[in-house]
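Notes for the one structure printed next.
The values are calculated or read from the model by the stated rules, or taken from the named source; none is laboratory data. Because the structure is a prediction, the values reported are computed rather than measured. Please note: Cβ atoms are built from the backbone with ideal geometry, for glycine as well, and neighbour counts cover all protein chains shown.
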Amino acid sequence: MKPLLLMLALATGLSGCSVYDRVSASRAYNYGVVTHVSEHINATKSFNEVNTGLGFGSEAPLTMSRWAIGVEAGRFRNSNDNLSTYAAGYAEYGVLRQNPRALRVGAFTGLAQYPAEADKNRANNKFAVGDFIPVIGLQATVPTIGPHEFRLRLTPGLSRADAIVTLQSNFVF
């Protein structure tokens with residue numbers, strides 16, 4: 001019940017801030033996500049660093065701004081060699097004034113499926129929803145050729161690494 005109330009409060013708060021009015025529907029787009037690899041920084045054990053997966057996302061630039069907001073969900077082979085599902089929301093800022101789409105940096109948050117970590121969270125009176133734990137991190141997106149973009153994500157390393165860097169490809173359509 002808490003996650004539902006939290007999402008309702010967030011949606012109400014965002015609508016009160018007029019974020020909905022700033023979303024540029026005419027420039028919004030969808031994209032497919034291919035998750036490639038990860039690198040665990042200062043890991044205390046050996047991880048699967050080939051994290052193939054697929055997902056879907058949607059991004060909408062905010063009108064008269066270099067900011068964009070987006071949502072994304074998918075499934076991938078995680079570093080423990082199990083399948084994980086994730087859902088995230090993010091905000092990105094176009095760094096270059098002359099071309100805000102050329103390099104974007106931002107932050108994301110969401111939920112990811114990691115049953116063992118969810119059990120640890122519950123044992124330590126931390127937040128978990130079933131097998132899902134909260135994730136938060138930084139990201140940077142760089143367009144390459146045509147509809148392709150590379151995205152790097154940096155997240156805390158949970159209980160067995162200092163941080164995790166993940167590489168994804170987005171295919172805009």
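Please find, among 102, 68, 123, 118, the residue that is of a type in the set (Gly, Ala, Ser), surrounded by 19 or more Cβ atoms within 10 Å (Cβ to Cβ), farther than 16 Å from residue 31 by Cβ and out of contact with any His (no Cβ under 6 Å at 6 or more places or on another chain). Don't jump to the end; show me each part of the working.
On the way: 102 fails: surrounded by 19 or more Cβ atoms within 10 Å (Cβ to Cβ); 68 fails: farther than 16 Å from residue 31 by Cβ; 123 fails: surrounded by 19 or more Cβ atoms within 10 Å (Cβ to Cβ).
After applying the criteria, what remains is 118.
Which residue is surrounded by the fewest Cβ atoms within 10 Å (Cβ to Cβ), if the candidates are limited to the range 33-53 and must be among the small types (Gly, Ala, Ser) and closer than 16 Å to residue 153 by Cα?
Pass one, the range 33-53, residues among the small types (Gly, Ala, Ser): 38, 43, 46, 53.
Those left that are additionally closer than 16 Å to residue 153 by Cα: 38, 53.
Details: 38: 21, 53: 19.
The selected residue is 53.
Criterion applied to 56, 108 was being at pLDDT 95 or above, in a strand (DSSP E or B) and exposed (fewer than 14 other Cβ atoms within 10 Å of the Cβ), and the one residue passing it is 56. Pairing residues of the range 131-147 that are among the polar types (S, T, N, Q) and modelled with pLDDT of 95 or more with residues that are part of a loop (DSSP other than H, G, I, E, B) and surrounded by fewer than 16 Cβ atoms within 10 Å (Cβ to Cβ), at Cβ distances under 8 Å and at least 6 apart in sequence or on separate chains, gives 141/103.
For the condition part of a loop (DSSP other than H, G, I, E, B) and at negative phi, what is the one hit in 116, 161? Quick ask: steps written out before the conclusion?
Working: 116 fails: part of a loop (DSSP other than H, G, I, E, B).
Matching residue, one of 116, 161: 161.
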